[in-house]
Amino acid sequence: MRNSRALAVSAAAAAFLLGAAAPAAVAGNGPANIVALPSVIARGGQITVTVDGCPRGGAVYSDAFGMATLSPINGANLTSRGYATIHSDARPGTYNISVQCSGRRLTRPNAFTVIGGVRGGLGGSISSGATPTDMAIGGGLVASAVIGSGVFWMRRRCENHA
């Protein structure tokens, strides 16, 4: 019974020491994990890049946005975050992200996808005003309504006299 307790205490102590040493091992290796959110973004949008293993910050690079600064996140050991704006003339497609921190460089291929921008705000009204075709259709509908109302009114008037 005493041997099993001693073994259990030893195993717990070993697990604690390994758990305490793991973050230190990650910190010594430099950048370990690159996450880009959102993973699909339109040109001109803002992307957030989070990197594990960068306790003092660093820099992040991509062909889609150039260079951005990584800053340490308060309360999150060894993690840094940076924000970048996608170039308005970036070509649609997938892009890599490279991170430089703690004296090391890490590249994540196909980290995010840029999609083409949208022409918002026009609501389909690219021309200014009604075209001649629109005017002809509208005039025909109004004429039909006037003629139909006149025929209806005349029939009702004849029914009342009989």
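The values are calculated or read from the model by the stated rules, or taken from the named source; none is laboratory data. Note that the structure is predicted; figures quoted are calculated from it, not measured. Cβ atoms come from the backbone with ideal geometry, glycine included; neighbour counts cover every protein chain shown. Side chains included, ligands, DNA and RNA excluded: accessible areas come from the protein's heavy atoms. Shrake-Rupley method; radii C 1.70, N 1.55, O 1.52, S 1.80 Å.
Applying the selection to the stretch 97-116, what residues are open to solvent by 40 Å² or more (accessible area, probe 1.4 Å) and small (Gly, Ala, Ser)? Can you show your working first?
If we filter the stretch 97-116 for residues that are open to solvent by 40 Å² or more (accessible area, probe 1.4 Å), which is where we start, we get 100, 102-110, 113, 115.
Ser102, Gly103 - these are the residues of the stretch 97-116 that are open to solvent by 40 Å² or more (accessible area, probe 1.4 Å) and small (Gly, Ala, Ser).
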>> Just to be sure I understand, how many residues within the stretch 61-79 are under 22 Å from Asp89 (Cβ atoms) and in contact with a Cys (Cβ under 7 Å, 6 or more places away or on another chain)?
In response: 0
>> Given (1) assigned to a strand (DSSP E or B); (2) surrounded by fewer than 16 Cβ atoms within 10 Å (Cβ to Cβ); (3) in contact with a Lys or Arg (Cβ under 6 Å, 6 or more places away or on another chain), identify the lone condition not met by Thr50.
In response: (2)
> Is it true that some residue in the stretch 85-96 is open to solvent by 80 Å² or more (accessible area, probe 1.4 Å) and more than 19 Å from the chain's Cα centre (by Cα)?
Replying inline: no
